[in-house]
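*Asks:* My structure is below; once you've seen it, I'll send some questions.
The values are calculated or read from the model by the stated rules, or taken from the named source; none is laboratory data. Since this is a predicted model, take the numbers as computed values, not measurements. Here the Cβ is made from the backbone with ideal geometry for all residues, glycine too, and neighbour counts use every protein chain on show. Heads up: the accessible areas ignore ligands, DNA and RNA and are worked out on the full protein's heavy atoms, side chains in. Shrake-Rupley method; radii C 1.70, N 1.55, O 1.52, S 1.80 Å.
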Amino acid sequence: MNRKIWSLLLALIIILGGLSLFVYYKYHHIPNNGILIEAEPDSVMIEIPKLYGIPLDSFNIAEGKIKRNQTLGNLLREYNLPKGAFQQLLNIPRDSFDLRKIRAGNKYVLFFDKDSTETLRYFVYEHTLVDFNKLCFFDSVWAENGQKDITIIQRHYKGKIETSLWNAMIDNGINPMLANDLSDIYAWSIDFFGLQVGDSFSVVCDEELVDTISLGCGKIHAAYFRHVDHDFYAVPFTQGGIESYYDLEGNSLRKAFLKAPLKFSRISSGFSHSRLHPVLKIYRPHHGVDYAAPSGTPVYAIGDGKIIKAARGYNRGAGNIIKIRHNGVYSTAYLHLKSFAKGIKTGVYVKQGDLIGYVGSTGLSTGPHLDFRFYKNGKAINPLRVEAAPVEPVLDSNRVAYDSVKAATLELLK
């Protein structure tokens, strides 16, 4: 056998030997003491479930709800706390956990040692569905603030109006707070006090969930409303660093004035040149729109402007009244208010949507309602017939980008 064949055989032997050693050391290893040990298979990491960041397998758990007039001290005295814990509780900073601010009906959860002492180690108080405060009882006592994980699921909701938008949400198993979100988007376009049977909506949004409980919708990706045989689309688009909603032509849904100064009420009396006054029992003009609403209902400025009158008292039957001049042409008035919002006074500038007061029954009034008045060049006009010009549309330089977003929005609504 020539030298070349011997070289090939030797190379083959070396390769086979190397493979054998690789297989051997993959499943065995020899430690320093020279004893052969079977190698352990790769360990599997098991994630331990946690609640409020606390491992559930380490503690026994109980829960309850704060009772009426119950203090945290009275509650905790029922359980076995580490020595000196009560004294240390008094030193907890209020920004970590204000022990005085626990409310009846809110949930709490207790974590106890899994031994015969059943020592309390954690007390968790749910301040809201998302926010919680945690007291930790070990060698020292300290407090932590935390938030539950929020799950976001994109939903596509549809519905028809039978009685109201709020009821339509409930009838279709939708968190009714979405009605508020839609009323904010369409506040300048649709009079939600005038919805009709058969009106419909379609909306794609990110629903936020905590412990399977809906917190409502976060971002709204697309919306459509069919109202009085008209289609109203809402396309979200960012221009100049600000996201707003636009129609299919690229006009902003934000207009100079809101359609109404309060949410989810009903019109109890319209604009009229001759109406029987409910108190005086005589016919006289009623140059405004009455919105029936419970006392204390928030009232908002329908547009930017300066408060030129904020007067308390009888005021010729108007009661507590606020009047706002929006520009050189338009002004609005809000009558029979129960009270004014903080900081509201003559000379103050307000922005569209700012809280200015609360529905009341001051002056000549038979019950709580808002008498809302609209003036053009000093002359009273029907607020329900005001057509305000839209604010800046999509710029020509952004048109290509907007058309792309619009196409995606319409696809979502299919």
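*Asks:* With each pseudo-label sitting 7 Å past Cα toward Cβ, what's the L90-V329 distance in nm, one decimal?
*Replies:* Label-label distance for L90 and V329, simple model: 6.8 nm.
*Asks:* Could you do me a favour and compute the accessible area per residue for segment 58-117, 1.4 Å probe, result in Å²?
*Replies:* I get 67 Å² per residue for segment 58-117.
*Asks:* While we're here: Rounded to a whole number of µm²/s, how large is the Stokes-Einstein D of segment 134-224 at 37 °C and 0.692 mPa s, given Rh as the Kirkwood radius over C-alpha pairs?
*Replies:* 217
*Asks:* Just by accessible area at a 1.4 angstrom probe, what is the order of V141, V228 from largest to smallest?
*Replies:* Correct descending sequence by accessible area is V228, V141.
*Asks:* What is the spin-label model distance, in nm, from L56 to N80 if the labels are put 7 Å beyond Cα along the C-beta direction?
*Replies:* 2.4
*Asks:* Taking amide hydrogens as modeled 1.01 Å from N in the peptide plane, which residues meet the under 5 Å criterion relative to L248, leaving out close sequence neighbours?
*Replies:* HN-HN under 5 Å from L248: Y233.
*Asks:* Still on this model: Would you be so kind as to identify which of Y349, L384, G367 lies farthest towards the positive end of the dipole of segment 345-414, taking Lys and Arg as +1 and Asp and Glu as -1 on Cβ and the Cα centre as origin?
*Replies:* G367
*Asks:* At 1.4 Å probe size, with every protein chain present, just tell me what the per residue accessible area of segment 301-414 comes to in Å².
*Replies:* That works out to 53 Å² for each residue.
*Asks:* Taking the solvent-accessible surface of protein heavy atoms with a 1.4 Å probe, what is the per residue accessible area of segment 127-247 in Å²?
*Replies:* With all protein chains present, segment 127-247 gives 47 Å² per residue.
*Asks:* For segment 232-246, just list the computed ³J(HN,Hα) in residue order, Karplus coefficients 6.51, -1.76 and 1.60, θ = phi - 60°, integers in Hz, with x standing in for Gly and Pro.
*Replies:* With the stated coefficients, segment 232-246 comes to 10, 9, 10, 10, x, 8, 9, 9, x, x, 10, 8, 9, 10, 10 Hz.
*Asks:* Tally up the carbon and sulfur contribution to the accessible surface of segment 223-263 as a whole percent, 1.4 Å probe, everything protein left in place.
*Replies:* Heavy-atom surface of segment 223-263 belonging to carbon and sulfur, 1.4 Å probe: 49 percent.
*Asks:* Return the subset of K65/K263; K323/K379; K101/K345; K306/K376 for which the Cα-Cα distance in this structure is over 24 Å, preserving the input order.
*Replies:* K65/K263; K101/K345
*Asks:* Arrange the residues R155, R325, R373 by how much accessible surface each exposes, largest first, with a 1.4 angstrom probe.
*Replies:* R325, R155, R373
*Asks:* Another question, if that's okay. Please report the carbon-and-sulfur percent of the accessible area for segment 365-414; probe 1.4 Å, protein heavy atoms only, DNA, RNA and ligands left out.
*Replies:* 53
*Asks:* Further question: Between D171 and T71, what length in nm is gained on full extension when 0.36 nm per residue of separation is reduced by their alpha carbon distance?
*Replies:* 32.0 nm
*Asks:* How do W188, W166 stack up against each other in accessible area, from largest to smallest, with a 1.4 angstrom probe?
*Replies:* From most exposed to least exposed: W166, W188.
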